[in-house]
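In what follows, a structure is listed as C-alpha cells, so that the remarks can point back to it.
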Amino acid sequence: MRGERIAQFYKIGFATVGGSAFALSWAYAIQDHGWAAGLTLGWIPALVIGMFAGALWPLSLAVMVAIGLAA
C-alpha cells in the first residue's frame, strides 16, 4: 500500500518535472538556433534532458527552484 503511493508520487513528479524540462529545453533550442533548426531538431536533446530531469526529479526540482530564486 505505502509502496504503491510512493511509486505513484514518483510517477507524477517524473511526468511534471520531466515534461516541463522538455518543454523549456525545446523552447530554448528554438530561441537559440532559430525556428527551422530548433523546431525540427531541438526536440531530440530536449527529450534527453527531459528524461534525465524526470528520472532525477527531486534533485532537478531543487535546482530549478534555486535557479528561479537566484534570477
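Based on what the data block shows, is residue 37 loosely packed, with under 12 Cβ neighbours inside 10 Å, assigned to a helix (DSSP H, G or I) and among the aliphatic types (A, V, I, L, M)? Spelling it out, it is not the case that residue 37 is loosely packed, with under 12 Cβ neighbours inside 10 Å, assigned to a helix (DSSP H, G or I) and among the aliphatic types (A, V, I, L, M).
Going by the structure shown, is residue 17 in contact with a Gly (Cβ under 6 Å, 6 or more places away or on another chain) and at pLDDT below 90? It would help to see each step written out before you state the result.
Numbers: in contact with a Gly (Cβ under 6 Å, 6 or more places away or on another chain): yes; at pLDDT below 90: yes.
So residue 17 passes the test.
Among residues of the range 57-71 that are in a helix (DSSP H, G or I), those with a beta-carbon under 7 Å from a residue that is of a type in the set (Val, Ile, Thr) at least six positions away or on a different chain give the pairs 57/17; 60/17; 61/17. All conditions but one from (1) of a type outside the set (Ser, Thr, Tyr); (2) more than 10 Å from the chain's Cα centre (by Cα); (3) modelled with pLDDT under 90 apply to residue 57; the one that does not is (2). Just to be sure, is residue 7 among the hydrophobic types (A, V, I, L, M, F, W, C), at pLDDT below 90 and loosely packed, with under 11 Cβ neighbours inside 10 Å? Here the answer is yes, as residue 7 does meet what is asked.
Out of the residues in the range 24-34 meeting the condition of being surrounded by fewer than 13 Cβ atoms within 10 Å (Cβ to Cβ) and of a type outside the set (D, E, K, R), tell me which one is nearest to residue 64 (Cα to Cα).
The extreme case among them is 31.
The values are calculated or read from the model by the stated rules, or taken from the named source; none is laboratory data. What you are looking at is a predicted structure, and each value in this text was computed from that prediction instead of being measured. Cβ: placed from backbone, ideal geometry, glycine included. Neighbour counts: every protein chain shown.
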